[in-house]
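Everything below concerns the one structure shown next.
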Amino acid sequence: MVHKPKHRVHSFRGLLSDSEPGNQDEINLERQNVNLAYRIIKFQLMGEKPAGANQESIVQIFKTEQTSFSSQVYFTNPDLLAAGYLEAAADAKTEHQAQIVIFDQELFSQNIFISHVDDESGESCNYYIEIEEVPVGAATLMQLKLQVARKLNLQQD
C-alpha cells in the first residue's frame, strides 16, 4: 500500500557513523503555537559504500535523545518510532544488499533522534526519511505534549 500524503511533507537525510554517546542526528520539529503533529511516511537506508563493504547496520528513530546505543531493537519501547536493518555483503563472487524497515504511524510533536550501530564493520549508513505534517486540534496537541512531559518526569525520578 502506498501512502498518499494529504498534507505538507518534509524530507530529511543524513549520514551516521557507528554511534557512540552523543553521536546521533536530531531533527528539529518543535514549533511554537502551531497545531501540528507529525508522522513518518517513508524511511530508507543505504550504506556509505553500497558495493564496497560488508555491513550490518541498525538505524533507529526515537522520540527522545539516547544516551546509550545498542544493536538490539525493542518494539515495546514507547520512544521507538522506527527501526531499520541494512545488510550488505561485497566480495568477488557475490554482492547483495537487504533492507528491512519498520515504522509506526504514530503521531508525535517533538524533535526526533536518529541513531546507528554497526556491530559488524563500523561502516557508516545513510538515511532518508519523509515526515508528514498533520494538523491537529488543541486537545490532541496538548495530549501529545503531556505524554512527553510525563516521560521526562518519569526519567528524572
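The values are calculated or read from the model by the stated rules, or taken from the named source; none is laboratory data. Since the model is a prediction, treat every value here as computed from it, not as a measurement. Every residue, glycine among them, receives a Cβ derived from its backbone with ideal geometry; neighbour counts consider all protein chains shown. Calculation scope for accessible area: heavy atoms of the full protein, side chains included, ligands and nucleic acids excluded. Shrake-Rupley method; radii C 1.70, N 1.55, O 1.52, S 1.80 Å.
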task: Would you be able to say whether some residue in the range 88-101 is modelled with pLDDT under 90, farther than 24 Å from residue 23 by Cβ and among the acidic types (Asp, Glu)?
output: yes
- request: Read through the list (1) touching a Cys at 6+ places or on another chain (Cβ under 9 Å); (2) of a type outside the set (Phe, Trp, Tyr); (3) open to solvent by less than 60 Å² (accessible area, probe 1.4 Å); (4) at pLDDT 90 or above, then give the number of the only condition that residue 82 fails.
  value: (1)
query: Consider residue 37 against the criteria (1) more than 19 Å from residue 119 (Cβ to Cβ); (2) open to solvent by less than 40 Å² (accessible area, probe 1.4 Å); (3) modelled with pLDDT under 85: it satisfies all of them except one. Which criterion is unmet?
result: (3)
message: Suppose we keep only residues that are surrounded by fewer than 17 Cβ atoms within 10 Å (Cβ to Cβ) and in contact with an Asp or Glu (Cβ under 8 Å, 6 or more places away or on another chain) within the range 43-55. Which one would you say is modelled with the highest pLDDT?
response: 48
